[in-house]
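Asks: Handing you this structure, nothing more for now.
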Amino acid sequence: MVVATTSIVSHARLTPGASVQKEAFLDHIQRVHLPYTVIDVGWWYQISLPRLPSGRLDRNLFLYNTAIGGDGNVPSVRTDSRDIGAYVGRIITDPRTLNQKVFAYTDLRTQNELWDTVSKLSGETIEKKYRTAEEIEEGIATTKVDQMMMIYLTPL
């Protein structure tokens, strides 16, 4: 059995209780001795790239990032969503991954580095807007959760 999951840590704030549900699901699989592989791919590029002023990237992004969290200097991992299938294929055919959690990713950068790279490659200037932890917490508290997104992010 393969349990594909998005990052338990990164999405825990977006879907209250999701990390607990995912861990309970995995705990049950382990207790009944079902073979498993949990695959985490970090953040997708398609939801973490900044929007270019020209809009050239818009058709390639699920969402675009409009602000940098904190000071933008915390490294995080990203994966192109189009690469996930290849990662999963390699991971589940490797016997060493049976009954393991696997973390697969393409790139490790800070948000500032990502903004600078996109700006350099595109030739466009991207305004950097920073959001404090308090602003992020306030946004989470006041945002109504989209029910379709909850279904997508909640484990089976």
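Asks: Could you work out how much longer the chain between His33 and Arg131 gets when fully extended? Use 0.36 nm per residue separation minus the Cα distance between them, nm to one decimal.
Replies: Computed gain between His33 and Arg131 is 30.9 nm.
Asks: How long is the gain from Lys101 to Lys120 if the chain were fully straight, where each residue apart is worth 0.36 nm and the alpha carbon distance is subtracted?
Replies: 3.3 nm
Asks: Give a quick list of chymotrypsin sites (Phe, Trp or Tyr not before Pro) in segment 59-107 that DSSP marks as loop, anything other than H, G, I, E or B, with at most 11 other Cβ atoms within 10 Å.
Replies: Of the chymotrypsin sites (Phe, Trp or Tyr not before Pro), the ones in loops of segment 59-107 whose Cβ has at most 11 other Cβ atoms within 10 Å are Phe62.
A short reminder: the numbers here are calculations on the coordinates, not readings from a lab. What you are looking at is a predicted structure, and each value in this text was computed from that prediction instead of being measured. In this analysis, Cβ positions are derived from the backbone assuming ideal geometry, glycine residues included, and neighbour counts consider all displayed protein chains.
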